[in-house]
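Written below as structure tokens is the structure these notes are about.
The values are calculated or read from the model by the stated rules, or taken from the named source; none is laboratory data. On a predicted model such as this, the values are computed, not experimentally measured, just so you know. A quick note on method: Cβ atoms are made from the backbone with ideal geometry, for glycine too, and the neighbour counts reach across all protein chains shown. Accessible surface is based on the protein model in full, side chains and every heavy atom, while ligands, DNA and RNA are left aside. Shrake-Rupley method; radii C 1.70, N 1.55, O 1.52, S 1.80 Å.
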Amino acid sequence: MNNYDFIIVGCGFAGAVCASELARDGKRVLVLEKRPHIGGNAYDCKDESGILIHKYGPHIFHTDSKRVFDYLSLYTEWNDYNHEVLAKAGDLEFPVPFNLNSLHSVYPGDKAEYIEKKLISEYGAEKKVTISELSENPDPDIKGVADFVYQNVFLHYTMKQWGKRPEEIDPDTTARVPVFISRDNRYFQDKYQGMPKYGYTALFENMLGCKNITLRTSADAREYLQFRNGSIYFEGEPFDGKVIYTGALDELFSYEHGALPYRTLDFEFETHPVSSFQSHATVNYTVDKPYTRISEFKKLTWQEKEDVTSTVKEYSREYDHTTDDIPYYAVINEENNALYAKYKKTAEGYKDLFLLGRLAEYKYYNMDKIVLLALELCDKLLRR
Ligand code: FAD
Ligand code: UDP
């Protein structure tokens with residue numbers, strides 16, 4: 001007989017928040033994580049030069065949700081941090097999201113003034129406009145800006161990231177980085193922004209520090225759990241608790257309806273014998289280079305190292321589930337959503353199985369959204 005009330009598959013934000021909330025309510029929780037560490041894609045650790053790096057790409061926390069910010073603040077203090085990104089488009093450099101400062105740095109002064117007035121009268125100051133909305137504007141000056149932004153911000157970066165043109169991918173994806181009619185250079189305008197003062201892994205350790213949680217890392221749930229004819233088995237025995245699953249759904253059901261498409265990333269970490277590598281924490285290469293962006297960790301986390309700095313380049317490509325690739329981004333479109341719906345239907349045959357997170361829900365979620373969804377799932381499970 002096993003004695004867990006909940007088995008949670010995956011120890012990223014989705015799994016860890018649930019484990020913490022359920023365990024603090026007195027539930028006995030087993031967490032199975034197939035990687036050798038906690039934190040999922042938010043995991044950070046020190047590299048050989050002693051710099052804290054984000055092992056799965058740069059993670060910047062931002063949210064408008066007071067609930068999420070207050071909740072995470074129970075487990076971490078914060079460094080105030082407002083992310084700014086520079087685009088390098090060949091010889092041109094300007095802030096992204098493309099904003100009024102970008103406009104002034106790429107257009108001659110008079111023309112930039114004139115177009116700024118037009119944009120403000122058309123859309124309003126401090127407003128955000130997606131590239132697709134902007135492209136539909138018949139005004140030739142505004143259309144000119146739209147064409148510039150399309151060519152110099154979106155087209156090549158999107159081709160690198162998704163292997164498709166901007167108009168071929170889910171419009172919500174490019175809408176994450178709208179043109180901003182503002183002088184505000186920040187990448188996000190959320191009310192709460194920051195980086196966990198001692199890193200994400202420390203935050204996770206604090207969240208998971210409850211005696212009711214048993215954590216097994218390097219533990220692939222497929223070796224412990226079976227799903228057969230509406231019943232769940234743990235280590236060969238019927239399991240009468242609940243399972244929260246945060247991994248990929250096609251993998252859970254052995255790809256029975258076919259593989260769900262994802263994009264994966266190859267990360268190239270480098271350490272440089274200089275105190276600063278680039279002007280901004282992240283530089284997006286929007287027209288050339290095979291990688292999408294370079295991030296410099298010291299600029300995200302304020303680590304004090306005089307003579308050395310570490311960076312990561314991101315290369316995107318198609319995910320292959322038959323290898324060790326990690327699925328990072330769901331490729332959201334009608335066809336893939338329909339395939340996902342088949343898996344969801346299969347999952348609904350298990351009344352004690354709950355799906356949560358970026359992989360299990362096949363969605364493009366930021367960390368804060370996952371934390372909120374995890375808290376809401378626990379509200380439901382704990383009837384609070
Ligand atoms: P994950 O973090 O992926 O955790 C799922 C866990 O489940 C993984 O650890 C996995 O190993 C485990 N698992 C899967 N299958 C099994 C199995 N069979 N058995 C056991 N364990 C299993 N969000 C932001 O808010 N800000 C950012 O700046 C940001 N930057 C990002 C940059 C990159 C490059 C990427 C890829 C994502 C970024 N995100 C960012 C999104 C963020 O990573 C996610 O929102 C968050 O990690 C989702 O948490 P999760 O728990 O759903 O998934
Ligand atoms: N994007 C782009 N150029 C940029 C930044 C973003 O074309 O300089 C597009 C690209 O399609 C990308 C999407 O906008 O995948 C979302 O960007 P975001 O920075 O939110 O991506 P993430 O940080 O989640 O990888």
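Here is how the numbers come out for the structure above:
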{"read-out": "Count of residues meeting criterion [surrounded by fewer than 20 Cβ atoms within 10 Å (Cβ to Cβ) and in a strand (DSSP E or B)] in segment 286-313", "value": "1"}
{"read-out": "Matching option when the condition is outside any strand (DSSP E or B), open to solvent by 40 Å² or more (accessible area, probe 1.4 Å) and within 15 Å of ligand 1 (Cβ to nearest atom), among Asn41, Asn3", "value": "Asn41"}
{"read-out": "Restricting segment 156-177 to residues that are more than 16 Å from ligand 1 (Cβ to nearest atom) and open to solvent by less than 20 Å² (accessible area, probe 1.4 Å), the residue that is farthest from Asn366 (Cα to Cα)", "value": "Pro166"}
{"read-out": "Those residues of segment 206-227 which are assigned to a loop (DSSP other than H, G, I, E, B), aliphatic (A, V, I, L, M) and open to solvent by 20 Å² or more (accessible area, probe 1.4 Å), in sequence order", "value": "Leu208"}
{"read-out": "Any hit, segment 323-336, residues being part of a strand (DSSP E or B) and more than 9 Å from ligand 1 (Cβ to nearest atom)", "value": "yes"}
{"read-out": "Odd one out for Cys210 among (1) modelled with pLDDT under 95; (2) within 27 Å of Asn101 (Cβ to Cβ)", "value": "(2)"}
{"read-out": "Conditions (1) away from ligand 2 (no atom under 13 Å from the Cβ); (2) in contact (Cβ under 8 Å) with a residue 40 or more places away in the chain; number of the one not met by Gly163", "value": "(1)"}
{"read-out": "Filter result for the condition that a residue is outside any helix (DSSP H, G or I), in contact (Cβ under 8 Å) with a residue 60 or more places away in the chain and within 13 Å of ligand 1 (Cβ to nearest atom), over Gly50, Gly26, Gly57", "value": "Gly57"}
{"read-out": "Selection count where residues are closer than 30 Å to Phe239 by Cα, free of Cβ contacts under 8 Å to residues at least 40 places away in the same chain and either touching a helix residue (DSSP H, G or I) at 6+ places or on another chain (Cβ under 6 Å) or acidic (Asp, Glu) (or both), scope segment 309-358", "value": "2"}
{"read-out": "Qualifying positions in segment 258-279 - more than 21 Å from Thr158 (Cα to Cα) and touching a Ser or Thr at 6+ places or on another chain (Cβ under 9 Å)", "value": "Ala259, Phe269, Glu270, Thr271, His272, Pro273, Val274, Ser275, Ser276, Phe277, Gln278"}
{"read-out": "Test: residue in segment 358-366 that is on the phi > 0 side of the Ramachandran plot, surrounded by 18 or more Cβ atoms within 10 Å (Cβ to Cβ) and within 16 Å of ligand 1 (Cβ to nearest atom)", "value": "yes"}
{"read-out": "In segment 263-285, the residues that are of a type in the set (A, V, I, L, M) and either within 30 Å of Tyr340 (Cβ to Cβ) or open to solvent by 50 Å² or more (accessible area, probe 1.4 Å) (or both)", "value": "Leu265, Val274"}
{"read-out": "Top-ranked residue of segment 231-251 - restricted to ones that are open to solvent by less than 40 Å² (accessible area, probe 1.4 Å) and of a type in the set (Gly, Ala, Ser), ranked as nearest to ligand 2 (Cβ to nearest atom)", "value": "Ala248"}
{"read-out": "Candidate set: segment 76-108, residues that are within 20 Å of the chain's Cα centre (by Cα) and assigned to a loop (DSSP other than H, G, I, E, B); chosen: the one surrounded by the most Cβ atoms within 10 Å (Cβ to Cβ)", "value": "Pro97"}
{"read-out": "Odd one out for Glu84 among (1) farther than 29 Å from Val283 by Cα; (2) among the charged types (D, E, K, R); (3) touching a His at 6+ places or on another chain (Cβ under 9 Å)", "value": "(1)"}
{"read-out": "Boolean, Leu260 is surrounded by 21 or more Cβ atoms within 10 Å (Cβ to Cβ), in a loop (DSSP other than H, G, I, E, B) and within 16 Å of ligand 2 (Cβ to nearest atom)", "value": "no"}
{"read-out": "Filter pass, Leu260 being closer than 30 Å to Phe6 by Cα and in contact with an Asp or Glu (Cβ under 6 Å, 6 or more places away or on another chain)", "value": "yes"}
{"read-out": "Unique match (being more than 16 Å from ligand 1 (Cβ to nearest atom), touching a helix residue (DSSP H, G or I) at 6+ places or on another chain (Cβ under 9 Å) and open to solvent by less than 90 Å² (accessible area, probe 1.4 Å)) among Tyr123, Tyr114, Tyr71", "value": "Tyr123"}
{"read-out": "Pair list, Cβ < 9 Å and 6+ apart or interchain, from segment 182-198 residues that are over 13 Å from Ser73 (Cβ atoms) and without any contact (Cβ under 8 Å) to a residue 24 or more places away in the chain to residues that are away from ligand 1 (no atom under 12 Å from the Cβ) and outside any loop (DSSP other than H, G, I, E, B)", "value": "Gln189/Lys128; Gln189/Phe180"}
